[in-house]
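Comments concern the structure below.
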Amino acid sequence: MLIRISSQKLMIKSHLREIFAEKKTKRNTFFSFSSSILSNTGSPVWDDERWIVRNIPLNAKLTVKVYDKDDDKITDDFIGEFQISNLIAYEAPSRGHELIGLFNYNRGYFHLAIHSMLSNDETKHLPRYTFDGPCRYSRHDSLAIGRLTKLNTDCIYSTWKIQIRRISVFFDLNERQHWNKKYRAAQTIFGHCPLSLISQSTIKLAHKALHGRTLKHSENGQLTNAEDLWRLIFTDRTTQRIKPCVYTYIIDDNTWRFSETDVQFFADFASKHALLANCSEYVRYAGEFHPRPKFGWAACDDEWELVFDNGSGTYSPDPKLLDNLKELLIFNFPGLNIVTYDYNDPRFKTSVEDLKEAVKHGSYFSSTTVKQLVLNYSKAKTS
């Protein structure tokens with residue numbers, strides 16, 4: 001992608017939208033994608049911002065918006081936008097698409113490529129607007145919250161967002177996990193009273209602080225397999241070893257979001273899962289997870305695995321879908337070892353207690369480095 005405008009810190013937000021009428025009710029179906037941020041350039045080029053979406057309807061429209069990123073402001077400055085109506089027979093304008101800003105002012109020209117192809121036997125049965133890669137991740141580091149939680153010596157609190165493929169294949173649209181109407185904390189958030197509105201506003205502000213993209217405190221990249229996940233996500237940047245801790249997670253329509261669970265920090269919020277989900281009334285799945293050595297804490301130099309449960313009072317995920325969760329993650333990250341437990345299963349609690357004991361006594365400080373982990377993964381793949 002190439003764009004020529006007079007700005008220094010740029011980010012693209014794209015939306016695929018389908019508008020149709022059903023029984024006199026207008027409905028919108030859309031899928032969105034945000035690019036990485038490019039700084040210190042007036043002619044930015046996004047070299048690797050591929051976006052694969054399966055089974056796009058003929059009446060779909062693509063809207064591209066460009067923003068000037070500013071860490072010191074609550075909202076980003078809007079630069080301009082344009083729309084493409086015919087995605088199937090797309091022909092790129094020779095000069096590029098004109099970016100129309102406020103008051104219909106020309107803010108520059110935007111070049112992009114669109115490749116359309118017929119669905120094959122493997123993809124034609126996928127739901128409409130199925131995201132199919134690549135899996136991109138973003139990590140946001142909050143120094144302010146890091147000082148409050150003191151979870152590490154750097155006083156940094158990190159949150160992760162990973163776009164993962166084909167969520168709707170493994171979690172059907174009819175199997176969304178809606179908020180638990182029997183859970184008092186969820187009633188406080190999603191109920192119909194002034195207190196609920198205040199609670200939602202507070203949570204949404206906290207969500208923006210935790211997940212907002214910034215120029216100085218963010219990292220972006222792509223993941224293709226389990227090796228990338230261990231190396232880029234779960235490895236401590238200082239020690240270069242797997243970091244043992246418990247994470248809170250949600251999976252929404254497009255992404256897997258998680259952050260390190262900290263009881264003291266999250267105690268100020270009615271629901272840590274609602275915080276991750278930005279007060280969405282439903283998720284595809286939710287719970288907690290942690291890494292552990294596959295053969296016990298005395299064998300930290302060997303393979304590792306991720307252990308998931310469905311422990312979310314806010315959304316009360318169906319335990320029958322734990323296998324779907326496992327299949328989804330293995331599909332996206334081949335070679336990943338996954339173990340799942342219902343949150344009522346004492347084995348999950350025991351696993352968490354073993355992790356805390358290992359951290360307390362320092363037994364997790366093995367000699368396993370990222371390089372050795374990659375070698376172990378490569379050997380397992382070729383054997």
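Values quoted throughout were computed directly from the atomic coordinates according to the rules given, and no laboratory measurement underlies them. As the structure is a prediction and not an experimental result, all values here were calculated from the model. As a convention, Cβ positions derive from the backbone with ideal geometry for all residues, glycine included, and neighbour counts pool all protein chains shown.
Please list, ordered by chain and number, the residues whose modelled amide H lies under 5 Å from the amide H of Y285; skip anything fewer than 5 residues away on the same chain.
Amide H to amide H, under 5 Å and 5 or more residues apart or across chains, Y285 pairs with I251.
Please give me the summed charge of the neighbours of R50: other residues whose Cβ is under 14 Å from its Cβ, Lys and Arg +1, Asp and Glu -1.
Details: positive: R54, R136, R165; negative: D47, D48, E49, D132.
After counting each charged neighbour, the total is -1.
Do any chymotrypsin sites (Phe, Trp or Tyr not before Pro) in the stretch 45-106 lie in a loop, going by DSSP, with at most 10 other beta-carbon atoms within 10 Å of their beta carbon, and if so which? Before the final figure, lay out each step's value.
Working: sites: W46, W51, Y67, F78, F82, Y90, F103, Y105; in loops: W46, W51, Y90, Y105.
Listed in order of number, the matching sites are Y105.
Which value in nm describes the separation of the simple spin-label points at E327 and R184, placed 7 Å from the Cα toward the beta carbon?
Label at E327, label at R184, 3.9 nm between them.
Using a Förster radius of 25 Å, what is the FRET efficiency between I52 and S94 based on their Cβ-Cβ separation? Nearest 0.05, please. Intermediate results must be reported in sequence, preceding the final value.
Working: r = 26 Å, r/R0 = 1.04.
Once rounded, the FRET efficiency stands at 0.45.
Can you list the HN-Hα couplings for the stretch 356-361, worked out from phi with the Karplus curve (6.51, -1.76, 1.60; θ = phi - 60°), rounded to whole Hz and with x for Gly and Pro?
Along the stretch 356-361, the couplings run 5, 5, 5, 5, 4, 9 Hz.
Round to the nearest 0.05 the FRET efficiency obtained for Y105 and H192 when R0 = 45 Å and r is the Cβ-Cβ distance. Before the final figure, lay out each step's value.
Numbers: r = 42 Å, r/R0 = 0.94.
Efficiency at R0 = 45 Å is approximately 0.60.
Test of understanding: what is the full-extension gain from A209 to T224, defined as 0.36 nm times their sequence separation minus their Cα-Cα distance? Before the final figure, lay out each step's value.
Values: separation 15, 0.36 × 15 = 5.40 nm, distance 2.81 nm.
Extending this stretch completely gives an extra 2.6 nm.
Under the 0.36 nm per residue contour assumption, what length would be gained going from the current alpha-carbon distance of F78 and H115 to full extension?
On the way: separation 37, 0.36 × 37 = 13.32 nm, distance 2.74 nm.
Full-extension gain reported as 10.6 nm.
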